[in-house]
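Notes to accompany the following structure.
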Amino acid sequence: MSKPMRAAILRIFILLLLVCVGAFAWESARNAKMQPVTGQVLGTVYKSYIIGYKVQGQSYQLETRIGVVDALTGLGLLTAGATVPILVDPEQPYLALINTGNGRYGITLAFVFLLLIFMLVVLLSAMKTRLAARGQ
């Protein structure tokens, strides 16, 4: 692999790493003031769940889709009446999210996944280049 290619790969890696750190910092700050409550699945609409919850005596509803990671852990098989952990901003109780790792840090996980794919492609490319060099 040539020096300019290595430099470009290193820059892309550093950029993706900085985006991951920035996304984590933003999501951590956003989630810091949220409080856990228990919600109840009211029903489904297409591929979304409608979850009802109460904050300070008021009823609210959250319509959300379940992420791939959450679906693999069993959260994708919810039925009406099932309880769901929710995080709610007490100052803005209409802002809520599902209290799981994927729900709290969904953007960060997406960028980490992209970073892992990038690293895998670079690793496979390097291995292919070394194998080609040995064959000549």
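The values are calculated or read from the model by the stated rules, or taken from the named source; none is laboratory data. Note that this is a predicted model, so its numbers are computed, not measured. All Cβ positions, even for glycine, are placed from backbone atoms using ideal geometry, and neighbour counts span all protein chains on display. With ligands, DNA and RNA removed, areas are computed over all heavy atoms of the protein, side chains included. Shrake-Rupley method; radii C 1.70, N 1.55, O 1.52, S 1.80 Å.
The share of C-alpha pairs in the chain whose separation exceeds 18 Å stands at 65 percent. Filter the trypsin sites (Lys or Arg not before Pro) in the stretch 1-107 to those in DSSP coil with at most 10 other Cβ atoms within 10 Å of their Cβ, and list the result. Taking the stretch 1-107 and a limit of 10 other Cβ atoms within 10 Å, the loop trypsin sites (Lys or Arg not before Pro) found are 47.
Taking amide H positions as modeled 1.01 Å from N, with prolines and chain starts lacking one, the residues under 5 Å from residue 44 and 5 or more places away or on another chain are 50.
Rank 86, 14 by accessible area, highest first, at a 1.4 Å probe radius?
Details: 86 0, 14 80 Å².
Highest to lowest solvent-accessible surface, that is 14, 86.
Enter the angle in degrees (range 0 to 90, nearest 10) between the Cα long axis of helix 106-135 and the first principal axis of the Cα atoms of the chain, meaning the one along which they spread out most. Once rounded, one gets 20 degrees. Helix 3-32: angle to the longest alpha-carbon principal axis of the chain, degrees 0 to 90, nearest 10? The two axes meet at around 10 degrees. Between the amide H of residue 89 and those of 35, 95, distances stay under 5 Å, these residues lying 5 or more places away or on another chain, with hydrogens modeled in the peptide plane. Derived scalar couplings between HN and Hα for the stretch 63-77 equal 10, 8, 9, 8, x, 4, 4, 5, 5, 5, 8, x, 6, x, 9 Hz in order, rounded to whole Hz, by the Karplus curve 6.51 cos²θ - 1.76 cosθ + 1.60 (θ = phi - 60°), x for Gly and Pro.
Taking a ≥ b ≥ c as the square roots of the Cα gyration tensor eigenvalues, the stretch 64-127 comes out oblate, since a/c reaches at least 1.5 and a/b does not exceed b/c.
Just the number, please: carbon plus sulfur as a percent of the accessible area of the chain, 1.4 Å probe, no ligands or DNA/RNA counted.
Details: 6120 of 9380 Å².
Ligands and nucleic acids excluded, carbon and sulfur reach 65 percent.
Would you please name the chymotrypsin sites (Phe, Trp or Tyr not before Pro) within the stretch 90-136 that are DSSP coil residues with at most 14 other C-beta atoms within 10 Å of their C-beta?
Numbers: sites: 94, 105, 111, 113, 118; in loops: 94, 105.
Those satisfying the criteria are 94.
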